[in-house]
1. Can you tell me which of Asp94, Asp70 is out of contact with any strand residue (DSSP E or B) (no Cβ under 6 Å at 6 or more places or on another chain) and acidic (Asp, Glu)?
2. Take the residues in region 26-72 that are acidic (Asp, Glu) and closer than 18 Å to Thr123 by Cβ; name whichever of them is modelled with the highest pLDDT.
3. Consider Asp12 against the criteria (1) within 17 Å of the chain's Cα centre (by Cα); (2) closer than 19 Å to Gln128 by Cα: it satisfies all of them except one. Which criterion is unmet?
4. What single numbered condition from (1) assigned to a loop (DSSP other than H, G, I, E, B); (2) under 20 Å from Asp144 (Cα atoms); (3) of a type outside the set (Gly, Ala, Ser); (4) at pLDDT 95 or above fails to hold for Pro75?
5. When residues of region 116-129 are filtered for being small (Gly, Ala, Ser) and closer than 17 Å to Phe160 by Cβ, how many remain?
6. Which of the strands (runs of 3 or more DSSP E) contained wholly in region 17-63 include at least 2 residues that are free of Cβ contacts under 8 Å to residues at least 60 places away in the same chain and under 20 Å from Asp74 (Cα atoms)?
7. Hey, any hits in region 68-86 for a residue that's within 21 Å of Ile157 (Cβ to Cβ) and without any contact (Cβ under 8 Å) to a residue 40 or more places away in the chain?
8. Going by what's in this entry, would Gln114 be described as farther than 27 Å from Thr46 by Cβ, modelled with pLDDT under 85, surrounded by 13 or more Cβ atoms within 10 Å (Cβ to Cβ) and of a type in the set (S, T, N, Q)?
Amino acid sequence: MDAASLSPVGYDPDFLDVPVPLPAPTASAPIRELPYTHFTVSLDPTRRLARATGVNIDGDQLVNVGRGNDWHSDPRLPAHEQTGEAVYARNDLDRGHLVRRRDPVWGDEATAAQANFDTFAFTNAAPQAAGFNQSKELWLGLEDHVLNYARTNRNRISVFTAPVLGKQ
């Protein structure tokens, strides 16, 4: 699987019964909208991190795909516009998925596999304190709750995430 094997559709603002647009960052800095399979990352190339993400989850079509761990740069962007492995090396920061790996993994087998792969783009990561990211009582628990709700009720849900960053 590679980033160019399927055409990404990205976040669909008409996925629900009412239009829900992707959040528009208020920063005056240029933003790169990067569509992936069932989600979009609005990347700030100056900070080299996402400003916001939006994902469509179809609880009726979720597929179980092996996790993998193929973190990669997005070939659509130059390296200087995206954060890579060096930020996470030799410290207690997790590569925190902004769009959770399992959320966009729905549809036919090829689409689900591509969505899984797409979530491992560094553009979809933000530095997170490991204890917060992996805690069932905190972030991981919230992610589990949302996905289980969508699956159990066979709901369509749109989720937005963004990192909380200090001033540049």
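The values are calculated or read from the model by the stated rules, or taken from the named source; none is laboratory data. These numbers come from a predicted model, not from an experiment. Cβ placement follows ideal geometry from the backbone for every residue including glycine, while neighbour counts extend to all protein chains displayed.
1. Asp70
2. Here the answer is Glu33.
3. (2)
4. The number of the failed condition is (2).
5. Qualifying residue count, region 116-129: 2.
6. Values: elements: 32-36, 39-44, 49-58.
Here the list reads 32-36, 39-44.
7. no
8. No, not satisfied.
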